[in-house]
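Engineer: Sharing a structure here in structure tokens format.
Bear in mind that the values in this text are calculations on the coordinates, not laboratory data. All of these numbers come straight from a predicted model, not from anything done at the bench. We place every Cβ from the backbone using ideal geometry, glycine too, and count neighbours over all the protein chains shown.
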Amino acid sequence: MNVNENTQAQRLSFWEKIYLPEIVKGLGLTLKAMVAPKMTRQYPEERFEPDGSYRGRPVLVLEEEGERCVACGLCSRVCPALAIEVQASETEREKERYPTLFEINMLRCIFCGFCEEVCPEEAIVMSKDYEMVFEKREDGILGKDKLLVPVAQLQDRLAYLRRHQYYENAGPQEAS
Amino acid sequence: MTEPILALLKTIVLLFGVVLPGASACVYFERKISAWIHYRIGPNRVGPLGLLQPIADVVKLLLKEDIVPRAANSFFHFLAPLISIAIAVATFAIVPFGHYIDVGGQNLYLAIAPHTNVGILLFLALTSVAVYGLTLAGWSSNSKYSLLGGLRSASQMISYELSLGLALVGVLMIAGSLEVNEIVQRQAAGGWNIFYQPLGFVIFLVAAYAETNRAPFDLPEAEPELVGGYHTEYSGMKFGIFFLAEYAAMIASSAIMATLYFGGYHLPFVPQFLVGLGFETFAPGGLGLALLEVGTFTAKVAFFLFVYIWVRWSIPRFRYDQLMKLGWKVLLPLSLVNVAITGILMLLF
Ligand code: SF4
Ligand code: SF4
């Protein structure tokens, strides 16, 4: 359809049509921006400290008795990027299992947090770690040695999860 | 015999003392000012305040591989950047950086070609030839993006040259001379041209932006449509030369603007005042005055370069039909009107 009436160009006033006053206005705006305070964070010196809501590298929770993970394999199952591999074995205690192998391929992980959401033991949570640099592709596959993090360091995230995620999920469901 | 040698010496001083440092300063401030406008800080890692950034840039460009596409015409591919830079630098020949220094009774003029009686004409001729650099670059690369960029630059520069020339006619009518020094002296005596030719200056400014292919008229290298425009197929230092040529052309046209409309090296009142205080060196021909003039001129040029960069980071690029419409339907009639008004006013007063 060819629109000839009441177009944007026709609604402009004379001063807008000759551009120059508007250009000067725009230049004024950028001049103001030039002297305004800057937003830049000087990264390696000034680090970004995320909140508990930040989804960084997924890690396994390590308590004094050992890892929380019971090797149920749900996280591996739900992971949309197929980044998790779990191999299970039994412990001495009855009906308890533990992962003999737990690997997250950080080259695949998309930081969706599904693994954390699905875990019945609150054993895998998203950490605040956002600095992941590897020199080889093989180094991107993190084993248990790199994944296990003492629970004390994860308090922010755990508190955040209690505050939001579980409460919402456990609350009375609205009929829809 | 001494004239050509003197001109050669001045050229060398100009190239290594003005154009190269000027261009690298432009690169630095282009990055800094764009950053400030984006609420960023800009380069600050290479050297104190990031001042060595241009050197890092040049070293990078020198070390990069120089790729010539197999289908390209390698001779013209090589020639195009050279044409661009040569034309951009040649414009400085007519620019007076100051008036003259009295050296043992002889006047040393602070311009490469101080008495060119066709100065302005030479400037217009050089801007016309500049289009060859870009067009040849676009054509010889044998790539459709480059070709489109080259053709755009050809039509754009030819369109805006008319308004550029006609805007200058007003200045020439007032000065009654094509000699640049004469025009400056005229302004020193009778007031800067900007007060007589405000419309002419605006037309000249817009046309000059189009001539130097700077935003908002940088259609020959419009990244969204043309990848890189005429220099898509250029890499390494050949690309660097185009880059340098762009900044050299910017400096040259800023210098022309300052010279023709803002009194060039003329600084009102201050030299007379200093002579009045008893400083003989600020009398005409003295070293102090010459330095003062060069400083004044540099400051004026720096201001116009700042405006160049400021405009680039403020105003979006024109669409191609808008560009052509602006050139032919707005600027050209306006510049004709400007000539007519100037003529009538000169008859009346
Ligand atoms: S981390 Fe959680 S979901 Fe994954 S295997 Fe262990 S217990 Fe199961
Ligand atoms: S965060 Fe998402 S992608 Fe990454 S391991 Fe967990 S489920 Fe897989």
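Engineer: Considering every residue in A:29-40, what mean count of other chain Cβ atoms within 10 Å of its Cβ is obtained?
Structural biologist: Counting other chains' Cβ atoms within 10 Å and averaging over A:29-40 gives 5.
Engineer: Could you pull the Rg and Dmax for the range B:190-349, using just the Cα atoms, both in Å?
Structural biologist: Radius of gyration, then largest Cα-Cα span, for the range B:190-349: 19.8, 62 Å.
Engineer: Given a 10 angstrom Cα cut-off, can you work out which residue in A:ARG57, A:ARG11, A:ARG163 is the most mobile in a GNM of chain A?
Structural biologist: A:ARG11
Engineer: On C-alpha positions alone, give me the angle between the axis of helix A:20-35 and the longest principal axis of chain A, in degrees, nearest 10.
Structural biologist: Approximately 40 degrees, to the nearest 10.
Engineer: For the protein assembly as shown, what are Rg and Dmax over the alpha carbons, in angstrom?
Structural biologist: 32.7, 111
Engineer: Oh, and also: Pull out a ≥ b ≥ c, the square roots of the eigenvalues of the alpha-carbon gyration tensor of the range B:188-231, then state rounded if a/c is under 1.5, prolate if not and a/b is larger than b/c, and oblate in the remaining case.
Structural biologist: The shape class here is prolate.
Engineer: Kindly identify the range B:306-349 as rounded, prolate or oblate by the Cα gyration tensor criterion: order the square roots of the eigenvalues as a ≥ b ≥ c, call it rounded if a/c is under 1.5, otherwise compare a/b with b/c, prolate if a/b is larger, else oblate.
Structural biologist: Oblate is the answer for the range B:306-349, as a/c is 1.5 or above yet b/c matches or exceeds a/b.
Engineer: Taking amide H atoms as placed 1.01 Å from N in the peptide plane, list the residues 5 or more away in sequence, or in a different chain, whose amide H sits under 5 Å from that of A:LEU148.
Structural biologist: Those qualifying (amide H under 5 Å, at least 5 residues apart or on another chain) are A:LEU60.
Engineer: On the Cα set of the range B:13-71, report Rg and Dmax in Å, please.
Structural biologist: 14.4, 44
Engineer: Just checking the output field for B:304-310: average partner chain Cβ neighbours within 10 Å of each residue's Cβ?
Structural biologist: 1
Engineer: Quick check for me: using +1 on Lys/Arg Cβ and -1 on Asp/Glu Cβ, what's the dipole size of the protein assembly as shown about its Cα centre, in debye to the nearest 20?
Structural biologist: 1440 debye
Engineer: In Å and whole numbers, how far do the C-alpha atoms of chain A stretch along each principal axis, longest first?
Structural biologist: On the principal axes, chain A reaches 86, 50, 32 Å in Cα extent.
Engineer: Please determine, in degrees from 0 to 90 and to the nearest 10, the orientation of helix B:198-211 with respect to the longest principal axis defined by the Cα atoms of chain B, where the helix direction is its Cα long axis.
Structural biologist: Result, in degrees: 30.
Engineer: How far is the Cα center of the range B:32-87 from the Cα center of the range B:266-300, in Å?
Structural biologist: 37 Å
Engineer: Which entries of B:LYS60/B:LYS238; A:LYS25/B:LYS32; A:LYS17/B:LYS325; A:LYS17/B:LYS329 have Cα-Cα distances beyond 18 Å here?
Structural biologist: Cα-Cα > 18 Å for A:LYS25/B:LYS32; rest within.
Engineer: If you don't mind, another one. Which is farthest toward the positive dipole end of the range B:293-349 among B:ILE344, B:SER314, B:LEU334, measuring Cα position about the Cα centre, with Cβ charges +1 (Lys, Arg) and -1 (Asp, Glu)?
Structural biologist: Farthest along the dipole direction, towards plus: B:SER314.
Engineer: In degrees between 0 and 90, to the nearest 10, how far off the longest principal axis of chain B does helix B:287-312 point, with axes built from Cα atoms?
Structural biologist: Here the helix axis deviates by roughly 40 degrees.
Engineer: Based only on the alpha carbon positions, what is the Kirkwood hydrodynamic radius of the range B:3-348, in angstrom?
Structural biologist: For the range B:3-348, inverting the mean 1/r across all distinct Cα pairs yields 21.2 Å.
Engineer: At 4 °C and 1.567 mPa s, grab the translational diffusion coefficient of the range B:114-158 from Stokes-Einstein with a Kirkwood Rh over Cα pairs, rounded to a whole number in µm² per second.
Structural biologist: 114 µm²/s
Engineer: Which cysteines in chain A lack any other cysteine whose Cβ sits under 4.7 Å from their own Cβ?
Structural biologist: Flagged as lacking a Cys partner: A:CYS69, A:CYS72, A:CYS79, A:CYS109, A:CYS112, A:CYS119.
Engineer: Sticking with this one: Restricting to DSSP H runs of at least four residues, report the calculated mean residue ellipticity at 222 nm for chain B, -39500 (n - 2.57) per run over all residues, nearest 500 deg cm²/dmol.
Structural biologist: -21500 deg cm²/dmol
Engineer: Along the range A:93-109, what does the Karplus equation 6.51 cos²θ - 1.76 cosθ + 1.60 (θ = phi - 60°) give for ³J(HN,Hα), rounded to whole Hz, x for Gly and Pro?
Structural biologist: My calculation for the range A:93-109 gives 5, 6, 6, 10, 10, 9, x, 6, 10, 9, 10, 10, 8, 6, 7, 9, 4 Hz in order.
Engineer: Now a separate question. Enter the mean projected area of the convex hull around the alpha-carbon atoms of the range B:15-116, in nm², rounded to one decimal.
Structural biologist: 11.1 nm²
Engineer: On to the next question. When the Cα centres of the range B:224-265 and the range A:42-64 are compared, how far apart do they sit, in Å?
Structural biologist: Here the answer is 46 Å between Cα centres.
Engineer: Rounded to the nearest 0.05, what FRET efficiency do B:ARG40 and A:GLU49 give with R0 = 30 Å and r taken as the Cβ-Cβ distance? Could you check?
Structural biologist: The value I calculate is 0.90.
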